[in-house]
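Accompanying notes for the structure given below.
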Amino acid sequence: MSNETPAGTSTENNLKTVIYVEDVEPREVAPGILRRKLPTTDYARGWLIDFAAGTEWPEVDQHPTEERYFVISGEVIDGGERHGPGSYVVFAPGSEHRPRTETGARMLGISMMSA
């Protein structure tokens, strides 16, 4: 007997939330950039972002709290540096950036809710 949650389903209790990210409705942030907002807690919020090739985040992203992202696929160009699949980027409170991509990319991000 398995206690695993099948793909495409979600569960939630007061200690654990499980979702299938492809079931989360994407919202267009800018042409070619789709964001899926993932479950938020009092401590952090998460999101999955898909960038089409040749796109750039629409404005400078400023961080009042710590933010981090993991590049799942493609390549993100951020602050003149190229981050490919497997890159884990952490921004300190007070930092800012404006990611872009030439190839397209998918990233998983987490923002802390308080400093």
Taking TYR88, is it closer than 21 Å to PRO39 by Cα and surrounded by fewer than 13 Cβ atoms within 10 Å (Cβ to Cβ)? yes
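Rundown of residues vs (1) touching an Asp or Glu at 6+ places or on another chain (Cβ under 8 Å); (2) at pLDDT below 95; (3) among the basic types (Lys, Arg), yes/no style:
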position	(1), (2), (3)
SER10	yes, yes, no
LYS16	no, yes, yes
GLU28	no, no, no
LEU48	no, no, no
ALA53	yes, no, no
How about the range 29-82: which of its residues are in a strand (DSSP E or B), in contact with a Lys or Arg (Cβ under 6 Å, 6 or more places away or on another chain) and open to solvent by 60 Å² or more (accessible area, probe 1.4 Å)? ARG35, GLU56, ILE72
Looking at the range 21-46 only, could you name the residues that are under 25 Å from GLU102 (Cβ atoms), touching a Leu at 6+ places or on another chain (Cβ under 6 Å) and not charged (D, E, K, R)? VAL21, PRO26
Of those in the range 96-113 that are polar (S, T, N, Q) and either touching a Gly at 6+ places or on another chain (Cβ under 7 Å) or over 21 Å from THR40 (Cβ atoms) (or both), the residue most open to solvent (accessible area, probe 1.4 Å) is THR103
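The values are calculated or read from the model by the stated rules, or taken from the named source; none is laboratory data. Keep in mind that what you see is a predicted model, and the values were worked out from it rather than measured. Virtual Cβ from ideal backbone geometry, glycine too; neighbours counted across all protein chains shown. For the accessible areas, the whole protein counts, side chains as well, though only heavy atoms, and no ligand, DNA or RNA atoms are used. Shrake-Rupley method; radii C 1.70, N 1.55, O 1.52, S 1.80 Å.
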